[in-house]
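Notes follow once the structure below has been shown.
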Amino acid sequence: MKNEVISSWNKNAEEWINVINAGKIASRKFTNPAILNTLVNHQGEKVLDLGCGEGWLTRALSKKGKISVGIDGTEALIGTARKLGYQHYYHLSYEDIIAEQKLPEAPYDIIVFNFSMYQKEETPLLLREVKKALTYKGQIIIQTLHPYFLKTNNLPYKNQWIQDAWRGLPGNFTDGHPWYARTFEGWSNTFKASGLQITSIKEINNEKEELLSVIFTVD
Ligand SMILES: C[S@@+](CC[C@H](N)C(=O)[O-])C[C@H]1O[C@@H](n2cnc3c(N)ncnc32)[C@H](O)[C@@H]1O
């Protein structure tokens, strides 16, 4: 599974950077400020961005006075993040973390995943590991596609594998990889299995009040 996801990301990294730079994903006009504001308004100062991609969020957080570190499993994206920002970036996969490779520069007040979770059984294993790298009052914050997207895409409302994570995104992406979609109950069970509790849920919509994403805060 790791190889499938990471190899797809390696192939599509350049196109992803183009799409992000050009602001082509319409929903990001809403979801980017939503996650940034959530993090800026959090009392925590030191943030780890897991699956940071080309690093936009780490750079935005630094501008707002937070300390931010980025980790990603896609080498080309980490390379770009290093070129664009002075923040510290590490090339590490979730599988390395599950295998108990220590998180660099831990502990953190906040560990954030912004649209960077794709897996099924590995997700609770990963969350259990990263929880160990939190400070006493630390929290994990996850932004993910709103589970309601299942209904708007005429899919049954249940946890399920979706074949191509790139489908529907503007860009010339190839070699799509699968991702595991969860209902609200599915997320709740995943957090329970990770030894975490939900402390807040924020639902993000666009100007037409169409639901886009959900931001979970857990600890
Ligand atoms: C949709 S992008 C989001 C990037 C960034 N968080 C953002 O907001 O633009 C998903 C990211 O997750 C990373 N990722 C996916 N699977 C991973 C894994 N197993 N280990 C490390 N990073 C992974 C990808 O390399 C990619 O950068």
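For ASN159, the residues 5 or more places off, or on other chains, whose built amide H falls under 5 Å of its own are THR183. Per-residue 3J(HN,Hα) values for the stretch 121-129, derived from phi via the Karplus relation 6.51 cos²θ - 1.76 cosθ + 1.60 with θ = phi - 60°, read 4, 5, 4, x, 5, 5, 4, 4, 5 Hz in sequence order (x marks Gly and Pro). Would you work out if the chain is rounded, prolate or oblate? Take a ≥ b ≥ c from the square roots of the eigenvalues of the alpha-carbon gyration tensor; rounded if a/c is under 1.5, else prolate when a/b is larger than b/c, oblate otherwise. Rounded is the answer for the chain, as its axis ratio a/c remains below 1.5. Remark on VAL112: its backbone amide H falls under 5 Å from those of LEU48, ASP49, LEU50, ILE141, a criterion applied only to residues 5 or more positions apart or on other chains, H modelled at 1.01 Å from N. Each residue of the stretch 97-114 was assigned a 3J(HN,Hα) from its phi angle through the Karplus curve 6.51 cos²θ - 1.76 cosθ + 1.60 (θ = phi - 60°); the sequence is 5, 4, 7, 6, 5, 5, 6, x, 6, 5, x, 10, 7, 9, 10, 10, 10, 9 Hz, with glycine and proline shown as x.
When the accessible area of the stretch 1-156 is split by element with a 1.4 Å probe, what percent falls to carbon and sulfur? Whole-percent figure for carbon plus sulfur exposure: 51. Near HIS146, the amide H atoms lying under 5 Å from its own belong to SER213, VAL214; only residues 5 or more places off or on other chains count, and H is placed 1.01 Å from N.
Could the peptides 192-205, 65-78 be put in order, highest first, of the mean number of other beta-carbon atoms found within 10 Å of their residues?
65-78, 192-205
For the stretch 112-200, just say rounded, prolate or oblate: build the C-alpha gyration tensor, square-root its eigenvalues into a ≥ b ≥ c, call rounded for a/c under 1.5, and beyond that prolate if a/b exceeds b/c, oblate if not. Prolate is the answer for the stretch 112-200, as a/c is 1.5 or above and a/b outweighs b/c.
Residues in the stretch 151-166 carry Karplus couplings, in order, of 5, 5, 9, 6, 9, x, 7, 8, 4, 6, 6, 10, 5, 10, 5, 8 Hz; the curve used is 6.51 cos²θ - 1.76 cosθ + 1.60 with θ = phi - 60°, and Gly or Pro positions show x. Let a ≥ b ≥ c be the square roots of the eigenvalues of the Cα gyration tensor of the stretch 9-87; is it rounded (a/c under 1.5), or, if not, prolate (a/b larger than b/c) or oblate? Oblate is the answer for the stretch 9-87, as a/c is 1.5 or above yet b/c matches or exceeds a/b. Send over a whole-number figure in Å² for the accessible area per residue of the chain, probe 1.4 Å. I get 50 Å² per residue for this part.
The values are calculated or read from the model by the stated rules, or taken from the named source; none is laboratory data. Nothing here was measured: the structure is a model prediction, and the numbers come from that model. Here the Cβ is made from the backbone with ideal geometry for all residues, glycine too, and neighbour counts use every protein chain on show. Keep in mind that these areas ignore ligands, DNA and RNA; they rest on the heavy atoms of the full protein, side chains included. Shrake-Rupley method; radii C 1.70, N 1.55, O 1.52, S 1.80 Å.
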